[in-house]
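The values are calculated or read from the model by the stated rules, or taken from the named source; none is laboratory data. Worth saying up front: this structure is predicted, and the values here are computed from it rather than measured. Cβ: placed from backbone, ideal geometry, glycine included. Neighbour counts: every protein chain shown. Areas reflect the complete protein model, heavy atoms only, side chains present, ligands, DNA and RNA absent. Shrake-Rupley method; radii C 1.70, N 1.55, O 1.52, S 1.80 Å.
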Amino acid sequence: MTWLADTATSYDTVASSYAEFVSGALEEQPYLKAALTLFASRVDGPAVDVGCGPGHFTAYLASLGVDVSGIDLSPGMVDLARRSHPGLWFEVGSMTDLALPDASVAGVLASWSLIHVPDESVPVTLSHFHRVLRPGGLLMIGYHVGAGTRLKTEGYGGHPMRVNIHLRQPWWLARRVRDAGFTVEAEWLLRPGAEVPQAILFAAK
């Protein structure tokens with residue numbers, strides 16, 4: 001699929017500058033940090049950070065005692081994550097075809113990575129999240145709130161990119177999550193006054 005190749009290439013290009021851009025995210029966004037802390041407290045077993053980027057959230061979960069690994073579509077991001085966090089496991093992979101055994105993890109984190117998945121591919125992606133989670137496992141999704149799709153052609157240090165960013169309404173995503181077999185437990189709206197608000201969804205298998 002072209003969008004997968006474009007996304008991987010784009011994040012290969014901006015890996016270092018993106019890592020610098022997000023380096024202070026947890027200290028700058030206390031409610032996001034609280035959400036990740038809550039996720040860590042609820043996960044009883046191994047977890048996977050899908051679309052982990054440079055591994056900053058993966059490392060935070062590990063610091064809280066979670067047995068967590070990271071998967072990202074971009075080889076450049078995975079190389080950077082491995083160098084930055086040598087004690088953790090990272091591998092290249094796609095959330096649309098997760099190479100994990102059934103019922104193998106207790107938690108799935110998808111933090112602002114589902115935003116690059118087209119609407120028509122969201123159900124199969126969520127089905128993979130459901131498949132790899134154990135009964136009672138927890139899913140946390142971070143995403144941008146809005147409507148429509150924006151093509152990002154430049155970012156993070158002025159480097160060229162070609163990625164679509166899909167904005168979604170909470171009701172739209174919650175419906176797809178339920179259709180995949182999850183129970184939605186909580187939805188948080190972050191930065192409601194921003195031009196593009198953010199949101200977090202928690203759901204259990």
- Task: Taking residue 156 as the residue in question, decide whether it is hydroxyl-bearing (Ser, Thr, Tyr), closer than 21 Å to residue 35 by Cβ and open to solvent by less than 80 Å² (accessible area, probe 1.4 Å).
- Result: no
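Does residue 58 satisfy being part of a helix (DSSP H, G or I), of a type in the set (Val, Ile, Thr), in contact with a Cys (Cβ under 7 Å, 6 or more places away or on another chain) and crowded, with 16+ Cβ neighbours inside 10 Å?
Values: part of a helix (DSSP H, G or I): yes; of a type in the set (Val, Ile, Thr): yes; in contact with a Cys (Cβ under 7 Å, 6 or more places away or on another chain): yes; crowded, with 16+ Cβ neighbours inside 10 Å: yes.
Criteria met by residue 58.
I'm checking my understanding of the structure. Among residues of the range 162-204 that are of a type in the set (A, V, I, L, M), crowded, with 19+ Cβ neighbours inside 10 Å and not in a loop (DSSP other than H, G, I, E, B), which one is modelled with the lowest pLDDT?
Restricting attention to the range 162-204, the residues satisfying the condition of being of a type in the set (A, V, I, L, M) are 163, 165, 167, 173-174, 177, 180, 184, 186, 189-190, 194, 196, 199-201, 203-204.
Cutting the leftovers down to crowded, with 19+ Cβ neighbours inside 10 Å gives us 163, 173, 177, 180, 199-201, 203.
Checking which are not in a loop (DSSP other than H, G, I, E, B) leaves us with 163, 173, 177, 199-201, 203.
On the way: 163: 89, 173: 98, 177: 98, 199: 97, 200: 98, 201: 98, 203: 98.
Here the answer is 163.
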- Can you work out which of the residues in the range 122-144 that are at negative phi, touching a residue at least 60 places away in the same chain (Cβ under 8 Å) and more than 12 Å from the chain's Cα centre (by Cα) is surrounded by the fewest Cβ atoms within 10 Å (Cβ to Cβ)? 135
- Message: I'm trying to understand the selection: among the residues of the range 145-158, which are over 27 Å from residue 187 (Cα atoms), small (Gly, Ala, Ser) and within 19 Å of the chain's Cα centre (by Cα)?
- Response: 155
- Subset of the range 2-40 [part of a helix (DSSP H, G or I), in contact (Cβ under 8 Å) with a residue 12 or more places away in the chain and of a type in the set (S, T, N, Q)]: 7, 9, 10, 13, 16, 17, 37
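Just to be sure before I move on: is residue 149 within 21 Å of residue 54 (Cα to Cα), open to solvent by 20 Å² or more (accessible area, probe 1.4 Å) and either in a strand (DSSP E or B) or of a type outside the set (A, V, I, L, M, F, W, C) (or both) in the structure I sent? First the steps, then the outcome.
Working: within 21 Å of residue 54 (Cα to Cα): no; open to solvent by 20 Å² or more (accessible area, probe 1.4 Å): yes; either in a strand (DSSP E or B) or of a type outside the set (A, V, I, L, M, F, W, C) (or both): yes.
Judged against the criteria, residue 149 is not a match.
Out of 65, 53, I need the residue that is exposed (fewer than 14 other Cβ atoms within 10 Å of the Cβ), in contact (Cβ under 8 Å) with a residue 12 or more places away in the chain and on the phi > 0 side of the Ramachandran plot. Which one? Show your work before the answer.
Values: 53 fails: exposed (fewer than 14 other Cβ atoms within 10 Å of the Cβ).
Exactly one residue qualifies, and that residue is 65.
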- Item | Looking only at the range 68-86, and only at residues there that are of a type in the set (S, T, N, Q) and over 12 Å from residue 47 (Cβ atoms), the one that is surrounded by the fewest Cβ atoms within 10 Å (Cβ to Cβ) | 84
- Task: Within the range 87-121, work out how many residues are within 15 Å of the chain's Cα centre (by Cα), among the hydrophobic types (A, V, I, L, M, F, W, C) and either surrounded by 22 or more Cβ atoms within 10 Å (Cβ to Cβ) or in a helix (DSSP H, G or I) (or both).
- Result: 8
- Message: I'd like the full set of residues that are closer than 26 Å to residue 20 by Cα and of a type in the set (Phe, Trp, Tyr), limited to the range 119-174.
- Response: 143, 156
